[in-house]
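For reference, the structure discussed in these notes is given below.
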Amino acid sequence: MPERIIYSEDHVLHNPPFEIYDGVKDPYAEDPARMTSIVDAIIQAGGVIEPPQQFPDSNLLRVHHPAYIDFLRQRSASLKEGEPFYPSYFILDTYAPMVKGTYDAARASVDVALTGAQAILDGENLVYALCRPPGHHAQNRAMSGYCYFNNASIAADFLSEKGSVAVLDVDLHHGNGTQEAFYERPDVLYSSLHVDPAVKFPYSTGFTDEIGKREGIGFNRNTPLAIGTTDSEYSDALSGEIEYIARFDPKFLVVSLGFDTYDKDPIGAFRLTEPYYRQMGEVIRGLGKPTLLIQEGGYHVEDLGKLAVSFLEGVR
Ligand code: OKP
Ligand code: ZN
């Protein structure tokens, strides 16, 4: 169990009733109950949870445009209690509804990530930041796919002041926002394994030919995998990326940790099993780097807690 697990109750302030696709309303998959499932399982397994510290906006401003931050803050505040808003600008898709508490929840999620990053700088070897809302789709000036602020990018950028960073993204979906944030930087390697974007969200990025730009060439890696990917197929692909990261030899590792690769995930596409997450954790531990885990997706609310505990038993 990680020595430090950071969690803010403020995530409950973000609770949109629906997401909309093609004019059809669906229940919001990124449900606050996701956190309850993980927190309960962690406490059951003997973990200790602590609240975040507050960090200044300067860290947020290194990843997000001030006009976007202002928009999120002011538009959230302008909403009535229980009134959802479906933005049509500062957004990439239809999957980022806002409510009155969206800014406060997203801002607290950033503080959770930064508190985790600070703990790593203070010498901790393994820290779990229980971020909600998730972040890896959030761009410099756009929300996308349940994400508002890019927690993993903000934390990785914060760590990068003290040494090189590898961001390993094992969420089911390509982290288009994180890729964008570091696309031209050689000091932060981004490696993502995800479902083939030709057939699943986010559709437009996550292909193998996106290798970085200028000085960043060779420091962006995408591994798209087929719908139906199994434990052993995933494990083979992950080993390849672990080797690449080991050669990069970063000072710090950030893991964008999604459990939507689970075989029973309601919006999933892969077939990973509960015991496999323990193995995934072990392989990541094998890198031997100070590691910050940032929670991203995973939507099978009932099983999420045991998937997280399985992973933690491996990564330790
Ligand atoms: C966010 B994260 C289901 C379609 C879902 C958006 C997925 C966002 C995933 N009705 N499309 O990467 O887990
Ligand atoms: Zn995802």
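The values are calculated or read from the model by the stated rules, or taken from the named source; none is laboratory data. Keep in mind that what you see is a predicted model, and the values were worked out from it rather than measured. Ideal geometry is used to build each Cβ from the backbone, glycine not excepted, and the neighbour counts take in all protein chains shown. Just so you know, the surface numbers come from the protein's heavy atoms only, side chains and all, with ligands and any DNA or RNA stripped out. Shrake-Rupley method; radii C 1.70, N 1.55, O 1.52, S 1.80 Å.
Give the residues of region 194-208 that are within 12 Å of ligand 1 (Cβ to nearest atom) and open to solvent by 50 Å² or more (accessible area, probe 1.4 Å), sorted by residue number. Of everything in region 194-208, those that are within 12 Å of ligand 1 (Cβ to nearest atom) and open to solvent by 50 Å² or more (accessible area, probe 1.4 Å) turn out to be LYS200, TYR203. Check region 268-275 and report whether any residue there is in a loop (DSSP other than H, G, I, E, B), more than 16 Å from ligand 1 (Cβ to nearest atom) and not β-branched (Val, Ile, Thr). Taking every residue of region 268-275 in turn, at least one turns out to be in a loop (DSSP other than H, G, I, E, B), more than 16 Å from ligand 1 (Cβ to nearest atom) and not β-branched (Val, Ile, Thr). Within region 199-224, residues that are within 14 Å of GLU180 (Cβ to Cβ) sit with their Cβ atoms under 9 Å from residues that are within 15 Å of ligand 2 (Cβ to nearest atom) and among the hydrophobic types (A, V, I, L, M, F, W, C), at 6+ positions apart or across chains, in these pairs: PRO202/LEU92; SER204/LEU92; GLY206/VAL195; ASN222/LEU193.
Using the structure shown, decide if ALA67 is among the small types (Gly, Ala, Ser), farther than 21 Å from PHE201 by Cβ, modelled with pLDDT of 95 or more and in contact with a helix residue (DSSP H, G or I) (Cβ under 9 Å, 6 or more places away or on another chain). So ALA67 does not fit the description; no. From the list ASP93, ASP10, ASP104, the one residue that fits, being within 18 Å of HIS136 (Cβ to Cβ), open to solvent by 30 Å² or more (accessible area, probe 1.4 Å), in contact (Cβ under 8 Å) with a residue 40 or more places away in the chain and charged (D, E, K, R), is ASP93. Taking the criterion of being assigned to a helix (DSSP H, G or I) and touching a residue at least 60 places away in the same chain (Cβ under 8 Å), the residues of region 110-129 that qualify are ASP111, VAL112, ALA113, LEU114, THR115, GLY116, ALA117, GLN118, ALA119, ILE120. Scanning region 245-271 for residues that are more than 18 Å from the chain's Cα centre (by Cα) and open to solvent by less than 70 Å² (accessible area, probe 1.4 Å) yields a total of 4. The set of residues from region 130-159 being within 21 Å of ASN15 (Cα to Cα), assigned to a loop (DSSP other than H, G, I, E, B) and more than 12 Å from ligand 1 (Cβ to nearest atom) comprises LEU130, PHE149.
When region 300-312 is filtered for residues that are under 22 Å from ASP236 (Cα atoms), more than 16 Å from ligand 1 (Cβ to nearest atom) and in contact (Cβ under 8 Å) with a residue 60 or more places away in the chain, only LEU312 remains.
Scanning region 277-315 for residues that are in contact with a strand residue (DSSP E or B) (Cβ under 9 Å, 6 or more places away or on another chain) and either in a helix (DSSP H, G or I) or closer than 17 Å to GLN44 by Cβ (or both) returns TYR277, MET280, ILE284, ARG285, ASP303, LEU304, LEU307, ALA308, PHE311, LEU312, VAL315.
For region 11-46, the candidate set comprises residues that are part of a loop (DSSP other than H, G, I, E, B) and within 17 Å of LEU312 (Cβ to Cβ); within that set, the residue that is farthest from ligand 1 (Cβ to nearest atom) is GLY46. Scanning region 281-299 for residues that are within 16 Å of ligand 1 (Cβ to nearest atom) and in contact with a Leu (Cβ under 8 Å, 6 or more places away or on another chain) yields LEU293, ILE294, GLN295, GLU296, GLY297, GLY298.
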